[in-house]
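> Handing you a structure now.
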Amino acid sequence: MHLTTLATFFVISRTVVSMCGAGILVFFVALWATKTDIAQAPGLDKVVALSNLCFAAPLAVFGALHLSAAESLIPMVPSYMPWPLFWAYFFGFALLAASLSIATKILVRWSGLLFGIAMFLFVALMDIPGALASPRDRFGWTLLIREMTFGSGGWILAGAAMSGQVKSKLITLGRVLIASAAIFYGVEHFLHPAGVPGVPLEKLTPAWIPGRLLIDYLTGAILLVAGTAILLGKKTRMAATYLGTWIVLLVLFVYGPILIAALADPSTAVKIEGINYFFDTLLFAGAILALASATPRTD
């Protein structure tokens, strides 16, 4: 009886188990690779030292999603592209490879660069046409800007591993795009304070989260102030450090309980949604912390 129940759980939740397993594995790999940096970093720089970890773990989760549920992702592939199932699997393997590269800090100049290119291709091929098709749908623009932020984080990681003018250009482009996203999201928090904080998507903050409106308004203010400072290039490292730290706190104390509640739900779809929201926001934090890490302390 117990074996049957356990087998049924794994059959129904194979995707959930794969996503959580991949994320946990890469989390510990990245933590081991960066343990010296964390130990030596002072103050909030310890959070900045987690930038690769915050970036790599979500990529592993989403890579596992692509491999374990590839057929369900086929509708996302543009209709004019041949072999949609191949691209779903290909991107899954690519995400896993990029996550291990970034977690171990090996060949990050290539993994970050290629991941950024992939994200901006998604923006050009899917997000921009989707947003223009429904220009009044704010969530389409939110997703577009989110994907650009993810790509920017990849290019910042790659730039930090390079030298010369290429490094400067990649980091500067990433800084401007991340700042623009922060300002846009900050405004959205004041216009729609009931949504989940950080990346303002469709999901509403559950009523059982204490002080949810205060959290949303405070997040909006931090996004606006930090985004403006980063865009102007004034105290960029400090602003990115505070903003990235705040988003990490949101992941732990807002999205963490949401994830636990989702995993306790019998629906696999609800579980996957909870995992996606948790790691999407963690990836957003990783991109911001990558900018802080790539900015000199003399800034």
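> How many residues are outside any loop (DSSP other than H, G, I, E, B) and modelled with pLDDT of 95 or more when one looks only at the range 172-203? Outline the logic, then answer.
Initially, the range 172-203 is screened for residues outside any loop (DSSP other than H, G, I, E, B), giving 172-191, 195.
Next, only the ones that are modelled with pLDDT of 95 or more stay: 172-191.
The total comes to 20.
> Please enumerate the residues belonging to the range 157-205 that are in contact (Cβ under 8 Å) with a residue 60 or more places away in the chain, open to solvent by less than 10 Å² (accessible area, probe 1.4 Å) and over 20 Å from Thr281 (Cβ atoms).
Of everything in the range 157-205, just one residue is in contact (Cβ under 8 Å) with a residue 60 or more places away in the chain, open to solvent by less than 10 Å² (accessible area, probe 1.4 Å) and over 20 Å from Thr281 (Cβ atoms), namely Gly159.
> Sort out which residues of the range 250-299 are loosely packed, with under 14 Cβ neighbours inside 10 Å and among the acidic types (Asp, Glu), and write them in order of number.
Of everything in the range 250-299, those that are loosely packed, with under 14 Cβ neighbours inside 10 Å and among the acidic types (Asp, Glu) turn out to be Asp265, Asp299.
> Could you run through the range 101-112 and say how many residues are crowded, with 21+ Cβ neighbours inside 10 Å and hydrophobic (A, V, I, L, M, F, W, C)? Don't jump to the end; show me each part of the working.
Residues of the range 101-112 that are crowded, with 21+ Cβ neighbours inside 10 Å, as a first pass: 101-103, 108, 111-112.
Keeping just the survivors that are hydrophobic (A, V, I, L, M, F, W, C) gives 102-103, 108.
Total meeting the criteria: 3.
> Take Ala64 and decide whether it is open to solvent by less than 40 Å² (accessible area, probe 1.4 Å), within 18 Å of the chain's Cα centre (by Cα), under 26 Å from Val248 (Cβ atoms) and touching a residue at least 60 places away in the same chain (Cβ under 8 Å). Working first, answer last.
Working: open to solvent by less than 40 Å² (accessible area, probe 1.4 Å): yes; within 18 Å of the chain's Cα centre (by Cα): yes; under 26 Å from Val248 (Cβ atoms): yes; touching a residue at least 60 places away in the same chain (Cβ under 8 Å): no.
Against the criterion (open to solvent by less than 40 Å² (accessible area, probe 1.4 Å), within 18 Å of the chain's Cα centre (by Cα), under 26 Å from Val248 (Cβ atoms) and touching a residue at least 60 places away in the same chain (Cβ under 8 Å)), Ala64 does not qualify.
> Quick one: what pairs do we get from the range 18-46, first residue polar (S, T, N, Q), second part of a helix (DSSP H, G or I), C-beta under 8 Å, 6+ apart or different chains?
Partner pairs satisfying both residue conditions: Ser18/Ala64; Ser18/Leu65; Ser18/Leu67; Ser18/Ser68; Thr34/Asn52; Thr34/Leu53.
> Report yes if some residue within the range 260-269 is aliphatic (A, V, I, L, M) and in contact (Cβ under 8 Å) with a residue 40 or more places away in the chain; otherwise report no. Spell out how you get there, then give the answer.
In the first step, residues of the range 260-269 are kept if they are aliphatic (A, V, I, L, M); the result is 260-264, 269.
Those left that are additionally in contact (Cβ under 8 Å) with a residue 40 or more places away in the chain: 261, 263.
Yes - at least one qualifying residue is present in the range 260-269.
> Quick one: which residue in Thr15, Thr36 is in a helix (DSSP H, G or I), β-branched (Val, Ile, Thr) and over 25 Å from Ile247 (Cα atoms)?
Working: Thr36 fails: over 25 Å from Ile247 (Cα atoms).
Result: Thr15 is the single residue among Thr15, Thr36 that is in a helix (DSSP H, G or I), β-branched (Val, Ile, Thr) and over 25 Å from Ile247 (Cα atoms).
> Moving to a separate point now. Hey, among Thr245, Thr241, Thr219, which residue is in contact with a Pro (Cβ under 9 Å, 6 or more places away or on another chain), within 30 Å of Thr298 (Cβ to Cβ) and at pLDDT 95 or above?
Numbers: Thr245 fails: in contact with a Pro (Cβ under 9 Å, 6 or more places away or on another chain); Thr241 fails: in contact with a Pro (Cβ under 9 Å, 6 or more places away or on another chain).
Just a single option satisfies the conditions, and that option is Thr219.
> With the checklist (1) in contact with a Leu (Cβ under 8 Å, 6 or more places away or on another chain); (2) within 19 Å of Ala287 (Cα to Cα) in hand, flag the one item Ile145 doesn't pass.
(1)
> Does any residue of the range 72-89 turn out to be in a helix (DSSP H, G or I), open to solvent by 30 Å² or more (accessible area, probe 1.4 Å), touching a residue at least 60 places away in the same chain (Cβ under 8 Å) and farther than 22 Å from Ala285 by Cβ?
If we filter the range 72-89 for residues that are in a helix (DSSP H, G or I), which is where we start, we get 72-76, 84-89.
Those still in the list that are open to solvent by 30 Å² or more (accessible area, probe 1.4 Å) too: 72, 74-76, 84-87, 89.
Narrowing further to those that are touching a residue at least 60 places away in the same chain (Cβ under 8 Å): none.
No, because not a single residue in the range 72-89 is in a helix (DSSP H, G or I), open to solvent by 30 Å² or more (accessible area, probe 1.4 Å), touching a residue at least 60 places away in the same chain (Cβ under 8 Å) and farther than 22 Å from Ala285 by Cβ.
> Next up: Return yes or no: is Pro129 free of Cβ contacts under 8 Å to residues at least 60 places away in the same chain, surrounded by fewer than 18 Cβ atoms within 10 Å (Cβ to Cβ) and assigned to a helix (DSSP H, G or I)?
Working: free of Cβ contacts under 8 Å to residues at least 60 places away in the same chain: yes; surrounded by fewer than 18 Cβ atoms within 10 Å (Cβ to Cβ): yes; assigned to a helix (DSSP H, G or I): yes.
Considered against the rule, which asks whether it is free of Cβ contacts under 8 Å to residues at least 60 places away in the same chain, surrounded by fewer than 18 Cβ atoms within 10 Å (Cβ to Cβ) and assigned to a helix (DSSP H, G or I), Pro129 comes out as yes.
> Look through the range 223-238, keep the residues that are open to solvent by 40 Å² or more (accessible area, probe 1.4 Å) and not hydroxyl-bearing (Ser, Thr, Tyr), and return whichever of them is nearest to Gly43 (Cα to Cα).
Applying the first criterion (open to solvent by 40 Å² or more (accessible area, probe 1.4 Å)) to the range 223-238 yields 224-225, 228, 231-232, 234-235, 238.
Okay, now just the ones that are also not hydroxyl-bearing (Ser, Thr, Tyr), so 224-225, 231-232, 234-235, 238.
Details: Leu224: 24, Val225: 21, Leu231: 24, Leu232: 25, Lys234: 21, Lys235: 17, Met238: 12 Å.
The residue in question is Met238.
> Is it true that some residue in the range 40-55 is assigned to a helix (DSSP H, G or I), open to solvent by 70 Å² or more (accessible area, probe 1.4 Å), in contact with an Asp or Glu (Cβ under 9 Å, 6 or more places away or on another chain) and modelled with pLDDT of 95 or more? Walk me through it before giving the result.
Applying the first criterion (assigned to a helix (DSSP H, G or I)) to the range 40-55 yields 40, 45-48, 51-55.
If we keep only those that are open to solvent by 70 Å² or more (accessible area, probe 1.4 Å) too, we end up with 40, 46.
Narrowing further to those that are in contact with an Asp or Glu (Cβ under 9 Å, 6 or more places away or on another chain): 46.
The next check asks that each one be modelled with pLDDT of 95 or more; those that pass are 46.
Yes, the range 40-55 contains a residue that is assigned to a helix (DSSP H, G or I), open to solvent by 70 Å² or more (accessible area, probe 1.4 Å), in contact with an Asp or Glu (Cβ under 9 Å, 6 or more places away or on another chain) and modelled with pLDDT of 95 or more.
> Turning to a different aspect of this structure: Which numbered condition trips up Thr241, out of (1) assigned to a helix (DSSP H, G or I); (2) more than 26 Å from Ile102 (Cα to Cα); (3) open to solvent by less than 50 Å² (accessible area, probe 1.4 Å); (4) among the β-branched types (Val, Ile, Thr)?
(2)
The values are calculated or read from the model by the stated rules, or taken from the named source; none is laboratory data. Since the structure is predicted, the reported quantities are computational estimates derived from the model, not experimental observations. Positions of Cβ are backbone-derived with ideal geometry, glycine not excepted, and every protein chain shown enters the neighbour counts. Accessible surface is based on the protein model in full, side chains and every heavy atom, while ligands, DNA and RNA are left aside. Shrake-Rupley method; radii C 1.70, N 1.55, O 1.52, S 1.80 Å.
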